[in-house]
Amino acid sequence: LTPETSYTLTVRSIDKAGKSSVDSNVQTFTTSKVVVVAVLNPPKSLIASDIKESSVVLTWTAPIVNDQVADYGIYSKNIMIAKALGTGTTYRVTGLTSETAYSVTVRSLDKSGKMSVDSNIQTFTTTKIGAPTNLIASQITETSVVLTWTAPADATSVTDYGIYSNNVLLATSAGTGTTYKLTGLTPETSYTLTVRSIDKAGKSSVDSNSKTITTNKVVVI
């Protein structure tokens, strides 16, 4: 039948000779209107830029027909890793792991939670965690030294710092503070010290600049 059309129908009995009865009662009705279910169009031209150790900036082009779009979902391996609220087409994804490959897509979302298919895929690898700089040693005693340093320019992924001597870990400075008193050293001993940034995955940066110290001699009174 044709949508949105009025029909007046009857039924007749027919025998094997092809003869038919008179009409049955009449039934009049109108077929329904076609309901078009809006399909969300996906974003396109997805680009990844400003890639850092724990973040990336994504930009994309909104679909040509985007009246139904309320937000955008950012997906990696079919799992939503972020939600860009509103209809803006630029979003910085944070909380990524350093030195890790990601393949991401973006989907249009409507107010009811329906989504489009994926945009094009963007693959990128986050950078290595930044190293501390400007390491300084002070307050040297027979068994300890106070170390201070400058956090890397982008320290968002740093959770701790490791203190090393000749590539051997001596201590871990829990937290993101940039001053640490290193204890348990041996008197009258030379140490070449460096500091490395550590992220939540346990990955570390390259060494900071090095500082060579010699602990004091034990003074016997």
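Details
- Restricting the search to strands (runs of 3 or more DSSP E) fully inside the range 62-141 and requiring at least 3 residues that are over 11 Å from residue 40 (Cα atoms) and touching a residue at least 40 places away in the same chain (Cβ under 8 Å) gives 101-109, 122-125, 133-138.
- Output for the range 134-149, where each listed residue is farther than 30 Å from residue 49 by Cα and surrounded by 18 or more Cβ atoms within 10 Å (Cβ to Cβ): 135, 145, 147
- Among the residues making up the range 1-54, those that are among the hydroxyl-bearing types (Ser, Thr, Tyr) and either touching a residue at least 60 places away in the same chain (Cβ under 8 Å) or closer than 30 Å to residue 81 by Cα (or both) are 45, 49, 54.
- Yes/no for residue 44 being open to solvent by 60 Å² or more (accessible area, probe 1.4 Å) and over 23 Å from residue 127 (Cα atoms): yes
- Among (1) under 30 Å from residue 39 (Cα atoms); (2) open to solvent by 50 Å² or more (accessible area, probe 1.4 Å), the one test that residue 110 misses: (2)
- Filter pass, residue 57 being farther than 16 Å from residue 107 by Cβ and either touching a strand residue (DSSP E or B) at 6+ places or on another chain (Cβ under 7 Å) or in contact (Cβ under 8 Å) with a residue 60 or more places away in the chain (or both): yes
- Qualifying position, being modelled with pLDDT of 95 or more and under 17 Å from residue 193 (Cβ atoms), among 89, 178, 123: 178
- Flag if residue 182 is aliphatic (A, V, I, L, M) and in contact with a Phe, Trp or Tyr (Cβ under 7 Å, 6 or more places away or on another chain): no
- Filter result for residue 41 (in a loop (DSSP other than H, G, I, E, B) and in contact with a Pro (Cβ under 6 Å, 6 or more places away or on another chain)): yes
- Here the condition is being open to solvent by 10 Å² or more (accessible area, probe 1.4 Å), of a type in the set (A, V, I, L, M) and in contact with an Asp or Glu (Cβ under 6 Å, 6 or more places away or on another chain); of 131, 101, 70, it holds for 70 alone.
- Take the conditions (1) open to solvent by 40 Å² or more (accessible area, probe 1.4 Å); (2) in a loop (DSSP other than H, G, I, E, B); residue 152 misses just one of them, which is (1).
- Of all residues in the range 155-173, exactly one satisfies the criterion of being outside any strand (DSSP E or B) and open to solvent by less than 30 Å² (accessible area, probe 1.4 Å), namely 157.
- The lone exception for residue 115 - which of (1) buried (at least 16 other Cβ atoms within 10 Å of the Cβ); (2) at pLDDT 95 or above it fails: (2)
- Qualifying residue in the range 37-44 (condition: at pLDDT below 95 and β-branched (Val, Ile, Thr)): yes
The values are calculated or read from the model by the stated rules, or taken from the named source; none is laboratory data. Not measured: the values here are computed from a predicted model. No Cβ is skipped: glycine too gets one built from the backbone with ideal geometry, and neighbour counts run over all protein chains shown. Remember, those area values only see protein heavy atoms, side chains included, never the ligands or the DNA or RNA. Shrake-Rupley method; radii C 1.70, N 1.55, O 1.52, S 1.80 Å.
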